[in-house]
Every structure is written in structure tokens, then in C-alpha cells.
Amino acid sequence: MILCVDIDGTLADNRWRKDRADTNLDAYFKALVDDPPIPVMISLVKALHQQGHYIVVVTSRPEKYRALTRGWLVQHDVVIDLLCMRPNGDTRPSAEVKQDMIKGVLWTYQHLPDTARRILIIDDKTSVIDKFKTLGYNTSQFTMGEEVNAMPALRY
């Protein structure tokens, strides 16, 4: 299986910096280094990786923040196989950008047998989940309550 997982609001708790998104996007993204991890999701990703599944991060963060994003993943011991990021200057909605990313993921892993190319998409945004459900993908929506160490609410 190929797990395609979002970062902001799914692996990383970015709630503390959301107010910056409306006023200064550069400050918003640069502050990502201070996002605390969401332990239960980090554990899930690690467990799936240890079982031999492919881990692909699909994020709407612009490409210019790749080094900061990779640094955050390394800092929190998140092992991934591929990091897909929004092209710089691309202002399309996240669902559209991520649809293109998933097409690229399928191309990248085309050499795998069909059983290994099954994709599960985990994201916090309803628009992203709805888009991929419409396209026939397996999806799970992560929603974060007050307690980020508790078992996440996943909508299939």
C-alpha cells in the first residue's frame, strides 16, 4: 500500500500559527519548524512504514519550504519515501494540487504490482477527502480534538 498523508493538521499540529496565514504567509510557513507533532499520527506512519508500506507526504506547502519541511520530518523521526509539495506560485485549491500530486505518485510507483499500488489518503481537509472519494480512492479524514495524543477520529 502507498500511504499519502498530509502534514499540516495531520502529522503536525499547526493550530497555533493559523492566525498568521491571513496576514503573512511567509511567516506562517517559516514557523512550521515549531509545530509539535501529533503523536498518534506519527506512530501510525511509523508502524505502516515498518510493515513495508510506502509513505508519501503530500502537502500544500510551497516547494520553497522543502528544506524546512524535511527538517521537521527528520526532527520527529518520520521516515518517508517521497515528499510532494505545491509548486511555487501555484494558487489552486489544495484538492486540485494534491490530485496532480497523486497522479505523480502513481507514475512513480507504476513498477509495483497492483496490490502494492493501493493508495490510502489521509488528510484533515474535507475538500481534499471529498475530492479523492469522488475519484474512487480510499480515504480517511483526520480531525484533531483538544487532546492530540488520543486516538484520532478517522472518517472513511
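The values are calculated or read from the model by the stated rules, or taken from the named source; none is laboratory data. None of these values were measured; they are calculated from a predicted model. Note: ideal-geometry Cβ built from the backbone for every residue, glycine included; neighbour counts use all protein chains shown.
Some notes on this structure:
- Members of the stretch 59-71 that are assigned to a helix (DSSP H, G or I) and either in contact (Cβ under 8 Å) with a residue 24 or more places away in the chain or acidic (Asp, Glu) (or both): GLU63, LYS64, TYR65, LEU68, THR69, GLY71
- Scanning the stretch 53-78 for residues that are more than 16 Å from ASP8 (Cβ to Cβ) and either of a type in the set (Phe, Trp, Tyr) or modelled with pLDDT under 95 (or both) turns up just one, TYR54.
- Residues being in contact with a Phe, Trp or Tyr (Cβ under 6 Å, 6 or more places away or on another chain), of a type in the set (D, E, K, R) and at pLDDT 95 or above - total across the stretch 1-49: 0
- Residues within the stretch 142-153 that are touching a strand residue (DSSP E or B) at 6+ places or on another chain (Cβ under 9 Å) and either at pLDDT 95 or above or surrounded by fewer than 13 Cβ atoms within 10 Å (Cβ to Cβ) (or both), tallied: 3
- Single condition ASN88 does not satisfy, out of (1) touching a helix residue (DSSP H, G or I) at 6+ places or on another chain (Cβ under 8 Å); (2) more than 22 Å from ARG118 (Cβ to Cβ); (3) part of a helix (DSSP H, G or I); (4) not small (Gly, Ala, Ser): (3)
- Remark: pairs (first residue in the stretch 94-109, assigned to a helix (DSSP H, G or I); second residue surrounded by fewer than 18 Cβ atoms within 10 Å (Cβ to Cβ) and among the basic types (Lys, Arg); Cβ separation under 8 Å; 6+ apart in sequence or on different chains) = LEU106/ARG117.
- Among the residues making up the stretch 32-58, those that are more than 17 Å from ILE119 (Cβ to Cβ) and either basic (Lys, Arg) or in a helix (DSSP H, G or I) (or both) are LEU32, VAL33, ASP34, PRO39, VAL40, MET41, ILE42, SER43, LYS46, ALA47, GLN50.
- The number of residues in the stretch 120-138 being surrounded by fewer than 21 Cβ atoms within 10 Å (Cβ to Cβ), β-branched (Val, Ile, Thr) and closer than 12 Å to GLN99 by Cβ comes to 1.
Let's see how each residue does on (1) on the phi > 0 side of the Ramachandran plot; (2) touching a helix residue (DSSP H, G or I) at 6+ places or on another chain (Cβ under 9 Å); (3) crowded, with 16+ Cβ neighbours inside 10 Å:
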{"position": "TRP16", "(1), (2), (3)": "no, yes, no"}
{"position": "ALA27", "(1), (2), (3)": "no, yes, no"}
{"position": "LYS46", "(1), (2), (3)": "no, no, no"}
{"position": "VAL56", "(1), (2), (3)": "no, yes, yes"}
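- When the residues of the stretch 110-119 are filtered to those that are in contact (Cβ under 8 Å) with a residue 12 or more places away in the chain and not hydrophobic (A, V, I, L, M, F, W, C), the one that is surrounded by the most Cβ atoms within 10 Å (Cβ to Cβ) is ARG117.
- Of the residues examined, ALA67 is one that is of a type in the set (A, V, I, L, M, F, W, C) and surrounded by fewer than 16 Cβ atoms within 10 Å (Cβ to Cβ).
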